[in-house]
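Everything below concerns the one structure shown next.
The values are calculated or read from the model by the stated rules, or taken from the named source; none is laboratory data. Model, not experiment: these values are computed from the prediction. Cβ coordinates were reconstructed from backbone atoms using ideal geometry, including for glycine residues, and neighbour counts include every protein chain displayed. Remember, those area values only see protein heavy atoms, side chains included, never the ligands or the DNA or RNA. Shrake-Rupley method; radii C 1.70, N 1.55, O 1.52, S 1.80 Å.
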Amino acid sequence: MVLYGTTRINERGHLEIGGCDVVDLVARFGTPLYVYDEELLREACREFHAAFRKTGLSYQVAYASKAFCTKAMCRLIEEEGLNLDVVSAGELHTAVAAGFPPERIHLHGNNKTPDELAYALEVGIGGFVVDNFYELDVLGRLAFEAGRTAEVLLRLTPGVEAHTHEFIQTGQQDTKFGFDLASGQAEEAARRVLKTASLRWIGIHCHIGSQIFDTDGFVAAVDRMMGFYARAVKEWEVPLRVLNMGGGFGIRYVEGDDPLPVEVYIRAIADRVREAARRFRIPEPEVWVEPGRRIAGPAGTTLYTVGSRKDIPGVRSYIAVDGGMADNPRPIIYQAKYEAMVANRALEPASEMVSVAGKYCESGDMLIWDVRLPKAEPGDILAVFATGAYTYSMASNYNRVPRPAVVFVRDGQADLVVRRETLDDLVRHDLIPSRFRRVRHPV
Ligand code: LLP
């Protein structure tokens, strides 16, 4: 088991994160509880800065807020000098509510609604990553009506798709996102954006995948993207300045996951960009990236309370916790794997093989299959690691269970950053039509 950041086992044999004993955290905030190691969040941001500084290129790092978006997180991102990538009016509103400087935000999405585009224009965000022809038209018109010139990147699909250790390179890419490079869509988009006076075309964007452990896919994508970038600059004489290579930098969830240091990904991208710029004799673009998981993932731990148990002799033992697929849908959606620990008895050796079930009414609601743990009793605390990305942000109220609280911990201090939902929160938006009468049925 690898413990990230400030996470350690203390003299009481308890798990401790950010100097806070998780037993105390549970007594104070209840479970399930998302706990973020604030120092580790900040360290991850700094790693990207440090990696880029070494390359000498101009750069921007935008945190992909879809991974985990709350007001406190937006504030932390601002303090660490990162920009913000948002994909909806909701994420944008969270950033605005946190006082995040709008000019450091860019908006993504394959079907941004006219209302979302109008809101983003009104707020004055720094840029739009335009995904399709419909958006080009709507944004062009809305910007014109608002008397604005919007800066845009065109999202391209370079025909490179990367996951973990493998990447595939094809002509076209079968995805809902972006303008296809191979079929000429990207050129058509370029022609149209150049004809729209209310839009200023500043660069191109791609995102080749997620949880990537290798640099080959990024390098292949840089080649294709720089080919197009160079044509825009030289043939069409467009003063582009940005190459945005998206996110996708992998993290370790379980043994066997072996992501690269941030510096290695960034150096590979930067070297290839520089080489291409030299080859095409064009100025080096600013390189932007959009990490989500790599910033938020390792810093998050979810704490649960163990409840019921079911032993099927010769088959399997299940222990159930008070959360599951609604606070972490990744196992049920992606068969994602996690490591766990009985956090109030962290020094006890593992004595049995169990599977950790959630509490939701679905057989597939399993958090971890086959994990070796000390014998867990009702009331024990189970910690599941590396749950900082795409858990809270993808959480639901399935089975009408209130969503958990989120705390940031640092130097022995724990601060609530999202309150636990209450039962009343669950019915807050419910309405009963007035024509529904209260009928008493005779029994
Ligand atoms: N930029 C764009 C345009 C993206 O679409 C994404 C993620 C990112 C950046 C950030 O990617 P990251 O660095 O976090 O890999 N729910 C899935 C992940 C979906 C990622 C979607 N796009 C999961 O839980 O694994």
In segment 315-399, chymotrypsin sites (Phe, Trp or Tyr not before Pro) in a DSSP loop with at most 13 other beta-carbon atoms within 10 Å: none
Whole-Å distance, taken between Cα centres, linking segment 220-235 and segment 413-443: 54 Å
With all protein chains modelled, accessible area of Glu362 [1.4 Å, Å²]: 80 Å²
Loop-located trypsin sites (Lys or Arg not before Pro) in segment 227-336 whose Cβ has at most 16 other Cβ within 10 Å (DSSP): Arg241, Arg281
Three-way shape call for the chain based on the alpha-carbon gyration tensor, with the a/c threshold at 1.5: prolate
Probe 1.4 Å, all protein chains present, accessible-area order of Cys45, Cys69, largest first: Cys69, Cys45
Among Val96, Val321, Val152, residue whose mean-square fluctuation peaks in a GNM of the chain (springs only between Cα atoms under 10 Å): Val96
GNM result for the chain, Cα springs below 10 Å: residue of His163, His207, His429 fluctuating most strongly: His429
Listed residues Glu235, Glu188 arranged by accessible area, highest first, probe 1.4 Å: Glu235, Glu188
Whole-Å distance, taken between Cα centres, linking segment 40-69 and segment 251-291: 12 Å
Percent of beta bridges antiparallel (DSSP, the chain, rounded to nearest 5): 50 percent
Ellipticity estimate at 222 nm from DSSP helix runs (n ≥ 4, -39,500 (n - 2.57)) divided over the chain, nearest 500: -9000 deg cm²/dmol
Of Glu421, Glu145, Glu187, the one that fluctuates the most in a GNM where the chain has Cα springs shorter than 10 Å: Glu145
DSSP-loop GluC sites (Glu not before Pro) across segment 1-65, with at most 12 other Cβ within 10 angstrom: Glu11
In nm, spacing of pseudo-spin labels at Arg278 and Glu79 (7 Å Cα→C-beta vector): 4.1 nm
Lysine-lysine proximity count for the chain, Cα under 25 Å, sequence distance 8 or more or distinct chains: 14
Share, in percent, of DSSP beta bridges within segment 108-291 that are antiparallel, nearest 5: 15 percent
Solvent exposure ordering (accessible area, 1.4 Å, most first) of Lys66, Lys195, Lys54, Lys71: Lys195, Lys54, Lys71, Lys66
Pairwise label distance in nanometres, Asp370 with Asp425, each label 7 Å out on the Cα-Cβ vector: 3.7 nm
Pairs of Cα atoms farther than 19 Å apart, segment 305-414, %: 45 percent
